[in-house]
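Everything on this sheet refers to the single structure shown next.
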Amino acid sequence: MATITVVGVGPGDPDLLTLKARDAIRNADYVAGFETVLGPVRRWIGGEALPMRYRNQEDVLEQLATYAEADKRCVVCAWGDLNFSAKELLDRVRRRADVELIPGISSAQMACARLGLTIETSMFITLHAREGHEEGLRELIAMLKNRRRNLVVLPRPFDLMPTDIAGLLLEEGIAPKTRLYALERLSLPGERIREYDISLLAAEKSEFSDLTILVFPMHERGDHKVDLD
Ligand SMILES: C[S@@+](CC[C@H](N)C(=O)[O-])C[C@H]1O[C@@H](n2cnc3c(N)ncnc32)[C@H](O)[C@@H]1O
């Protein structure tokens, strides 16, 4: 089977692309990816860009696989790191070719860095999936009832947004005063970090970016350094 290289492009800031990913993109004959994902790497694309949309992703990946079969160097770009909440895209590529993976910096790592949290004391839950988000929600609720780690949660644009999640947690009996942060557009222009408790978040009227991460930290503020708005 032909090989397609999948690279993680980082959380948005073009300077957070790894050198290995940059070289793979620069040397590729074809670079596929969702349009927003190609944004941060566009300057490095030496061959032909194949922008995809949700509707035509199967067609674009099929085309890419035929190029790979013809010994062309083919790259698929994934947002952040390809090992976090990118399974659907990875599976689609894996169905068509062997994959070489070049990891990137995840938005979840960015969130930990901004809040001064260690990865080894954190758990990561994605609700950003077509299937399996109910299980993710159940896990989140169970973990909030038995706190052992920081919880880093990806909402699901646009039907399971931060305010929806907060409302569901209140319905499930999670303490309204439970503290959390909403981190938007990390590493991008307009980055914003806001601190809430769950009841305040449930009542929030302003909209959240589709690039938002929720973090429920274990420790009281002051145990770690945070630059808030
Ligand atoms: C499909 S997931 C992909 C995550 C990606 N693989 C990663 O490692 O960052 C997309 C979700 O990641 C989160 N996200 C990605 N980039 C972000 C950023 N720059 N700031 C905040 N959240 C971000 C948001 O929750 C967004 O809905």
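The values are calculated or read from the model by the stated rules, or taken from the named source; none is laboratory data. All values reported here derive from a predicted model rather than from experimental measurement. With ideal geometry, Cβ positions are generated from the backbone for all residues, glycine too; neighbour counts draw on all protein chains shown. All accessible areas refer to the heavy atoms of the entire protein, side chains included, with ligands and DNA or RNA removed. Shrake-Rupley method; radii C 1.70, N 1.55, O 1.52, S 1.80 Å.
Within region 173-192, the set of residues being touching a Phe, Trp or Tyr at 6+ places or on another chain (Cβ under 9 Å) and β-branched (Val, Ile, Thr) comprises just one member, THR178. Annotation: VAL153 fulfils all but one of (1) surrounded by 21 or more Cβ atoms within 10 Å (Cβ to Cβ); (2) more than 19 Å from ILE193 (Cβ to Cβ); the unmet one is (2). When PHE208, PHE158 are screened for being within 16 Å of the ligand (Cβ to nearest atom) and surrounded by fewer than 16 Cβ atoms within 10 Å (Cβ to Cβ), only PHE158 passes.
Could you please let me know if ALA129 is more than 18 Å from ALA86 (Cα to Cα) and either within 11 Å of the ligand (Cβ to nearest atom) or of a type in the set (Gly, Ala, Ser) (or both)? Talk me through it step by step, then tell me what you get.
Working: more than 18 Å from ALA86 (Cα to Cα): no; either within 11 Å of the ligand (Cβ to nearest atom) or of a type in the set (Gly, Ala, Ser) (or both): yes.
Judged against the criteria, ALA129 is not a match.
Taking residues in region 198-214 that are of a type in the set (Phe, Trp, Tyr), and partners anywhere that are surrounded by 16 or more Cβ atoms within 10 Å (Cβ to Cβ), the pairs with Cβ atoms closer than 8 Å and at least 6 places apart or on different chains are PHE208/PRO155; PHE208/MET161; PHE208/PRO162; PHE208/THR163; PHE208/ALA182; PHE208/GLU184. For the condition outside any loop (DSSP other than H, G, I, E, B), within 13 Å of the ligand (Cβ to nearest atom) and either on the phi < 0 side of the Ramachandran plot or touching a residue at least 60 places away in the same chain (Cβ under 8 Å) (or both), LEU89 qualifies.
Conditions tested, residue by residue: (1) open to solvent by less than 40 Å² (accessible area, probe 1.4 Å); (2) assigned to a loop (DSSP other than H, G, I, E, B); (3) of a type in the set (Phe, Trp, Tyr).
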site: LEU170; (1), (2), (3): no, no, no
site: GLY173; (1), (2), (3): no, yes, no
site: LYS177; (1), (2), (3): no, yes, no
site: ALA182; (1), (2), (3): yes, no, no
site: GLY190; (1), (2), (3): no, yes, no
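If only residues of region 96-117 that are open to solvent by 60 Å² or more (accessible area, probe 1.4 Å) and more than 17 Å from the chain's Cα centre (by Cα) are counted, the one that is farthest from the ligand (Cβ to nearest atom) is ASP98.
LEU64 satisfies every condition listed in (1) over 21 Å from the mean Cα position of the chain (by Cα); (2) touching a residue at least 60 places away in the same chain (Cβ under 8 Å); (3) open to solvent by 30 Å² or more (accessible area, probe 1.4 Å) except (3). Pairs linking a residue in region 1-18 that is in contact (Cβ under 8 Å) with a residue 40 or more places away in the chain and more than 12 Å from the ligand (Cβ to nearest atom) to a residue that is among the small types (Gly, Ala, Ser) and open to solvent by 40 Å² or more (accessible area, probe 1.4 Å), with Cβ atoms under 9 Å and 6 or more positions apart or on different chains, are ALA2/ALA70.
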